[in-house]
Amino acid sequence: MGTFRIIKGDITKCRADAIVNAANPSLLGGGGVDGAIHRAAGPELLEECRTLNGCRPGEAKITKGYRLPADYVIHTPGPVYRGGNCGEEQILASCYRNSLKLAACYERNTVAFPSISTGIYGYPVSLAAKTAVREILTFLHTQSTVREVVMVCFDEETKKAYEEAYQEIGQTE
Ligand code: ADP
């Protein structure tokens, strides 16, 4: 079983083997964490993203990290929250699962996630945190390539939501 940590910080500064980008389906950049990652990585990231032909919500694609301290970026578009009855939870779970599978495929040991979908896409953070923590812990239990997963929360409220979810779910694991 690898380790799971929750920190407050800026994912563009993370020295993980791979950081995850809460992308949009075009993979051509956007606001929030996506914009921050593209700005920090430099224009070569967008050049590589242009070759990928987009990505469906819940799926994941990988690029190099260019000027980022992280070696790779795993791009995954989260679901837009439309009240919770439009398959949002399954799509969000797939984002975490598919990103981690890709990281394992590329033999990455440490992976950092932002809080996917809880910004512009409007997913309530307390709900998103439960799904995220459950998927991450399940994954850490079932393989040994990815040894550390870090949730990088941009603000205190987000960090608190993930800590609460971890307390709730971590105890039953
Ligand atoms: P989405 O479109 O998936 O909702 P956003 O980028 O709007 O994605 O927001 C996702 C989360 O990422 C939010 O909690 C937001 O505060 C956070 N965020 C924004 N910039 C950064 C950053 N540099 N590092 C980590 N998290 C960030």
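We did not get these values from a lab; they are worked out from the coordinates using the rules stated. Owing to the predicted nature of the structure, the values given are computational and were not obtained by experimental measurement. Here Cβ is always computed from backbone atoms with ideal geometry, including for glycine, and neighbour counts include all displayed protein chains.
Kindly point out which whole DSSP H helices in the chain project their C-alpha atoms 15 angstrom or further along the helix axis while averaging a Kyte-Doolittle hydropathy of 0.5 or above. Working shown, then result.
Working: long enough: 88-105 (25 Å, 0.06); 125-142 (25 Å, 0.81); 156-170 (20 Å, -1.63).
Long hydrophobic helices here: 125-142.
Subtracting the Cα-Cα distance from 0.36 nm times the residue separation, let me have the gained length for D71 to T145 in nm, one decimal. Could you put the intermediate results ahead of the total?
On the way: separation 74, 0.36 × 74 = 26.64 nm, distance 1.61 nm.
Separation in residues times 0.36 nm, less the Cα-Cα distance, equals 25.0 nm.
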| remark: Rounded to one decimal in nm, the spacing of the 7 Å Cα→Cβ label points at C105 and L46 is 2.7 nm
| field | Tally of Lys pairs whose C-alpha atoms are under 18 Å apart, taken over the chain, 8 or more apart or cross-chain | value | 9
| message | Exposed loop sites here are trypsin sites (Lys or Arg not before Pro) in DSSP loop states with at most 13 other C-beta atoms within 10 Å. What is the longest stretch of the chain lacking them? | response | 83-173
| field | Percent of Cα-Cα distances greater than 29 Å, calculated over the chain | value | 10 percent
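Where does the chain land at 222 nm, in deg cm²/dmol rounded to the nearest 500, when only DSSP H runs of n ≥ 4 count, each adding -39500 (n - 2.57), divided by all residues? Working shown, then result.
Numbers: 5 runs with 69 residues, N = 173.
Theoretical 222 nm ellipticity from helices: -13000 deg cm²/dmol.
At most 13 other Cβ atoms within 10 Å and a DSSP loop assignment: could you name the GluC sites (Glu not before Pro) in the stretch 77-134 that fit?
Working: sites: E88, E89, E107; in loops: E107.
The qualifying sites are E107.
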| task | Please express the shape of the stretch 108-173 as an equivalent ellipsoid: the semi-axes are the square roots of 5 times the eigenvalues of the C-alpha gyration tensor, given largest first in whole angstrom. | result | 20, 14, 10
